[in-house]
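The values are calculated or read from the model by the stated rules, or taken from the named source; none is laboratory data. For clarity, every value in this text was computed on a predicted model and none was experimentally measured. As a convention, Cβ positions derive from the backbone with ideal geometry for all residues, glycine included, and neighbour counts pool all protein chains shown. The area values use the complete protein model at the heavy-atom level, side chains included, leaving out ligands, DNA and RNA. Shrake-Rupley method; radii C 1.70, N 1.55, O 1.52, S 1.80 Å.
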Amino acid sequence: MAPPRSFLWSRRIFLTLLTGFVLIPVYVMVSSSLKPLADVTGKFRWLPSGLTIRPYIDIWSTVPLATYFMNSLIVAGAATISSVVIAVFAAYAVSRYDFRGKRVFTVTVLSTQMFPGILFLLPLFLIYVNLGNATGIALFGSRGGLILTYLTFSLPFSIWMLIGYFDSVPRDLDEAALVDGCGPLGALLRIVVPAAIPGIVAVAVYAFMTAWGEVLFASVMTNDTTRTLAVGLQGYSTLNDVYWNQIMAASLVVSVPVVAGFLLLQRYLVAGLTAGAVK
């Protein structure tokens, strides 16, 4: 039985409004990034009077955007790789083996997600400063310290998500690998990991996006040489002026890696998020 026409028209109107709600800000951002600064700060016009690519050239000289871009890439990439590697081994151990304190471990991992991130800011700051004074290991103001900070957020969720995904992988595959001569590590790397690629990709995307766009800890734990993109964009706002067209251009540029990665890995991401939730 076909749905009534009123329902079809209501759905079309709703989807049209939703599409406009999503695309209008994107259009304003793109058009503003192609306008001279005088046009952006003046009266808003839906159709620009003139277009220029100068903001996309100036963004690299107004602030050291290339340095910030490299810092973000290193920090987000290292945090993602570390989170995935640790989460794979931890989740496999929880999924396949019974040990004392297993229930406490899983509940503790999940409970860390209940606390707001700002609650850990001062403790981590004091730990990094005191550890640097005592041992000479410079964690505060370094990329390494920021990577460890991001692991405290992405790792618990990554472990919990992969536990559910590994539970959905039949244990018969592990047993068949052991019969064929593989050890537990070989069964994990050769059998379980290839079967769990969608879940691992979903975890990697989550960890990368968490580190790439984080502002609070990056604004406190970094200095001028280790600053990331999320904090570095503030440099386009000075005491004398705010370069809105360059802010829009830089925002579009720094969004390219995340958007491109999401589009390339979309099918793995959707499969990983859904398959891990159904056992």
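Looking only at the stretch 87-104, filter to residues that are within 25 Å of Gly145 (Cα to Cα) and out of contact with any helix residue (DSSP H, G or I) (no Cβ under 6 Å at 6 or more places or on another chain); which one of those is most open to solvent (accessible area, probe 1.4 Å)?
Phe89
Go through the stretch 184-202 residue by residue and tally those that are in contact (Cβ under 8 Å) with a residue 24 or more places away in the chain, part of a helix (DSSP H, G or I) and open to solvent by less than 20 Å² (accessible area, probe 1.4 Å).
Total satisfying the criteria: 4.
Conditions tested, residue by residue: (1) open to solvent by 90 Å² or more (accessible area, probe 1.4 Å); (2) closer than 19 Å to Leu233 by Cβ; (3) without any contact (Cβ under 8 Å) to a residue 40 or more places away in the chain; (4) in contact with a Pro (Cβ under 8 Å, 6 or more places away or on another chain).
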position: Leu8; (1), (2), (3), (4): no, no, yes, no
position: Arg12; (1), (2), (3), (4): yes, no, yes, no
position: Thr16; (1), (2), (3), (4): yes, no, yes, no
position: Phe21; (1), (2), (3), (4): yes, no, yes, no
position: Val26; (1), (2), (3), (4): no, yes, yes, no
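Do the conditions hold for Tyr236, that is, is it among the aromatic types (Phe, Trp, Tyr), in contact (Cβ under 8 Å) with a residue 12 or more places away in the chain, in contact with a Phe, Trp or Tyr (Cβ under 7 Å, 6 or more places away or on another chain) and more than 29 Å from Ile163 (Cβ to Cβ)? Full working, then the answer.
Values: among the aromatic types (Phe, Trp, Tyr): yes; in contact (Cβ under 8 Å) with a residue 12 or more places away in the chain: yes; in contact with a Phe, Trp or Tyr (Cβ under 7 Å, 6 or more places away or on another chain): yes; more than 29 Å from Ile163 (Cβ to Cβ): yes.
Against the criterion (among the aromatic types (Phe, Trp, Tyr), in contact (Cβ under 8 Å) with a residue 12 or more places away in the chain, in contact with a Phe, Trp or Tyr (Cβ under 7 Å, 6 or more places away or on another chain) and more than 29 Å from Ile163 (Cβ to Cβ)), Tyr236 qualifies.
Could you check the stretch 154-194 and list, in sequence order, the residues that are farther than 18 Å from Ser83 by Cβ and of a type in the set (S, T, N, Q)?
Ser168
For Val205, only one of the following conditions fails: (1) crowded, with 17+ Cβ neighbours inside 10 Å; (2) modelled with pLDDT of 85 or more; (3) farther than 19 Å from Ser154 by Cβ. What is its number?
(3)
Return a yes/no flag: does the stretch 244-261 have any residue that is at pLDDT below 85 and assigned to a loop (DSSP other than H, G, I, E, B).
So far as the stretch 244-261 goes, no, none of its residues is at pLDDT below 85 and assigned to a loop (DSSP other than H, G, I, E, B).
Which numbered condition in (1) part of a helix (DSSP H, G or I); (2) more than 16 Å from Ser251 (Cα to Cα); (3) among the polar types (S, T, N, Q) is the only one that Asn223 fails?
Evaluating Asn223 over (1) part of a helix (DSSP H, G or I); (2) more than 16 Å from Ser251 (Cα to Cα); (3) among the polar types (S, T, N, Q) leaves (1) as the failure.
Somewhere in the stretch 42-58, is a residue open to solvent by less than 60 Å² (accessible area, probe 1.4 Å), closer than 13 Å to Trp244 by Cβ and either in a loop (DSSP other than H, G, I, E, B) or hydroxyl-bearing (Ser, Thr, Tyr) (or both)?
First, the residues of the stretch 42-58 that are open to solvent by less than 60 Å² (accessible area, probe 1.4 Å): 42, 48, 50, 52, 55, 58.
In the following step, the residues that additionally are closer than 13 Å to Trp244 by Cβ were identified as 42, 55, 58.
Going one step further and asking which of them are either in a loop (DSSP other than H, G, I, E, B) or hydroxyl-bearing (Ser, Thr, Tyr) (or both), we end up with 42.
Yes, because at least one residue in the stretch 42-58 is open to solvent by less than 60 Å² (accessible area, probe 1.4 Å), closer than 13 Å to Trp244 by Cβ and either in a loop (DSSP other than H, G, I, E, B) or hydroxyl-bearing (Ser, Thr, Tyr) (or both).
Among the residues of the stretch 59-81, write down those that are under 30 Å from Leu151 (Cβ atoms), assigned to a helix (DSSP H, G or I) and open to solvent by less than 40 Å² (accessible area, probe 1.4 Å). So that I can check it myself, show each step before the final result.
Pass one, the stretch 59-81, residues under 30 Å from Leu151 (Cβ atoms): 63-81.
Among the residues that remain, those that are also assigned to a helix (DSSP H, G or I) are: 65-81.
Of everything in the stretch 59-81, those that are under 30 Å from Leu151 (Cβ atoms), assigned to a helix (DSSP H, G or I) and open to solvent by less than 40 Å² (accessible area, probe 1.4 Å) turn out to be Leu65, Tyr68, Asn71, Ser72, Val75, Ala76, Gly77, Ala78, Ala79, Thr80.
A quick yes/no check of all residues on (1) in contact (Cβ under 8 Å) with a residue 24 or more places away in the chain; (2) under 24 Å from Val104 (Cα atoms); (3) more than 17 Å from the chain's Cα centre (by Cα); (4) open to solvent by 30 Å² or more (accessible area, probe 1.4 Å):
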| site | (1), (2), (3), (4) |
| --- | --- |
| Pro123 | no, yes, yes, yes |
| Ile127 | no, no, yes, yes |
| Asn133 | no, no, yes, yes |
| Phe153 | yes, yes, no, yes |
| Pro156 | yes, yes, no, no |
| Ile159 | yes, yes, no, no |
